[in-house]
Amino acid sequence: MTAPTDTACLSRREVRRRDRRDAIIAVAKRSFLENGYAATTMSSIAAELGGSKGTLWSYFPGKEELFAAVLRDATKVYHASLAQLLDTGGELEPTLLRFSHDLLRKVTSPDAIALHRLVAAEASRFPEMGAIFHELAPLYTRNLLARFLEGAMDKGQLRRADPMLAARTLVVLTLSGCHQQMIWGEIDAPEAKQIDADVSFAVDCFLRAYAPDAEAPNP
């Protein structure tokens, strides 16, 4: 029988390491959401996984890195879809409607709401957690949207303005309705018609404010 090649062995090792990493992230995510950032420790995660802290640290050197990995895992699919949604060759209004609808659906999911509440509750004590969240979630989204909006400004579809401020405007408008109601516990989950209404309102206000012939507000 032919012995396995080094390449095949390496591949199996990589698969085992990837699976182990995925298991660590799954346990960490549950612990962060259920117990909070402060109460989640590397020791408790290692104990639940059934391995040593040394093994855990060989994947993640600290809790900050582990929290960042949880966030990256939670947002990677959404980040990939954003680039497809923001099609520079498509019509402006339908593209913004699709973007805002996808954004609102994402941030009103149970896990997203739980994560938002976690960060809001603990960021004052653990500013590094707030910084990681900001960089990997809202800032990433605004940067991608800003690049798209700058292209629309270059084409004359929107008035010339600060693209990052424009991106922030659209995001804030999109999240001003049912998302805020969920954060404060006023509703458990939005109905589809409420999401549609929030998105339509946000995009309409945005396009009125940034229409090519609209006047920029005084500073």
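About the Cα centre, and with charges only on the beta carbon of Lys, Arg (+1) and Asp, Glu (-1), how big is the dipole of the chain? Nearest 20 debye, please.
820
Work out how much length A83 to T55 would gain on full extension: take 0.36 nm times their residue separation and subtract the Cα-Cα distance, in nm to one decimal.
Numbers: separation 28, 0.36 × 28 = 10.08 nm, distance 3.58 nm.
Difference between extended and current length: 6.5 nm.
All other residues with a Cβ under 14 Å from the Cβ of P127 taken together, and with Lys, Arg as +1 and Asp, Glu as -1, what is their net charge?
Around P127, the charge tally is -2.
What ratio of Cα Rg to 2.2 N^0.38 Å holds for the stretch 1-104? Let's see the in-between values first.
On the way: Rg = 19.4 Å, N = 104, 2.2 N^0.38 = 12.8 Å.
The value comes to 1.51.
List the lysines whose Cα lies under 28 Å from the Cα of K106, skipping any in the same chain that are fewer than 8 positions away.
Partners found: K29, K63, K76, K193.
For every helix of n ≥ 4 consecutive DSSP H residues, a contribution of -39,500 (n - 2.57) applies; sum these over the chain, divide by its total residues, and give [θ] at 222 nm rounded to the nearest 500 deg cm²/dmol.
-24000 deg cm²/dmol
Rg/Rh for the stretch 56-125 to two decimals, with Rh computed the Kirkwood way over all alpha-carbon pairs. Before the final figure, lay out each step's value.
Details: Rg = 15.8 Å, Rh = 14.3 Å.
Using only Cα positions, Rg/Rh for the stretch 56-125 is 1.11.
Shape call for the stretch 108-193 from the C-alpha gyration tensor, a ≥ b ≥ c root eigenvalues: rounded (a/c under 1.5), prolate (a/b greater than b/c) or oblate?
Verdict is oblate for the stretch 108-193.
Provide the gained length on full extension for the span K76 to D213, in nm with one decimal, where the gain is 0.36 nm per separating residue minus the Cα-Cα distance.
That pair, K76 and D213, stretches by 45.6 nm at full extension.
Using unit Cβ charges (K, R positive; D, E negative) and no other charged atoms, how large, in debye to the nearest 20, is the dipole of the stretch 1-123 about its Cα centre? If you can, show how the numbers build up before the last one.
On the way: 17 positive and 15 negative charges, 96 e Å.
In debye, rounded to 20, the stretch 1-123 gives about 460.
Would you tally the net charge around V203, using a Cβ to Cβ cut-off of less than 14 Å, leaving V203 out, and scoring K and R as +1, D and E as -1?
Around V203, the charge tally is -4.
With unit charges on the beta carbon (Lys/Arg positive, Asp/Glu negative), name the residue among W57, T108, Q84 whose Cα is farthest towards the positive pole of the charge dipole of the chain.
The residue sitting most towards the positive pole is W57.
What FRET efficiency do you get for R12 and R105 if R0 is 35 Å and r is their Cβ-Cβ distance, rounded to the nearest 0.05? Display every interim value, and only then the final one.
Details: r = 38 Å, r/R0 = 1.08.
The pair R12/R105 has a calculated efficiency of 0.40.
Radius of gyration and Dmax for the stretch 145-214's Cα atoms, expressed in Å?
Here Rg and the maximum Cα pair distance are 13.9, 42 Å.
Taking 8 Å as the Cα distance limit and 6 or more residues as the minimum spacing, I'd like the relative contact order of the stretch 106-182 as a percentage.
Over the stretch 106-182, the number comes to 27 percent.
Leaving ligands, DNA and RNA out of it, report the carbon-plus-sulfur percent of the accessible area of the stretch 1-155 at a 1.4 Å probe.
Answer for the stretch 1-155 is 54 percent, counting heavy atoms of protein chains only.
For the stretch 143-219, what is the relative contact order in percent, using Cα pairs closer than 8 Å and at least 6 residues apart in sequence? Display every interim value, and only then the final one.
Numbers: 59 pairs, mean separation 27.2, N = 77.
Relative CO of the stretch 143-219 lands at 35 percent.
Excluding P163 itself, calculate the net charge of residues whose Cβ lies under 11 Å from the Cβ of P163, where each Lys or Arg counts +1 and each Asp or Glu counts -1. All intermediate terms of the calculation are to be shown ahead of the outcome.
On the way: positive: R142, R147, R160, R168; negative: E150, D154, D162.
Combined, the nearby Lys, Arg, Asp and Glu give +1.
The values are calculated or read from the model by the stated rules, or taken from the named source; none is laboratory data. Predicted, not measured: the structure shown is a model, and the values here were computed from it. Backbone-built Cβ (ideal geometry, glycine too); neighbour counts: all protein chains shown. To get the accessible areas, we keep the full protein, side chains included, count just its heavy atoms, and leave off ligands, DNA and RNA. Shrake-Rupley method; radii C 1.70, N 1.55, O 1.52, S 1.80 Å.
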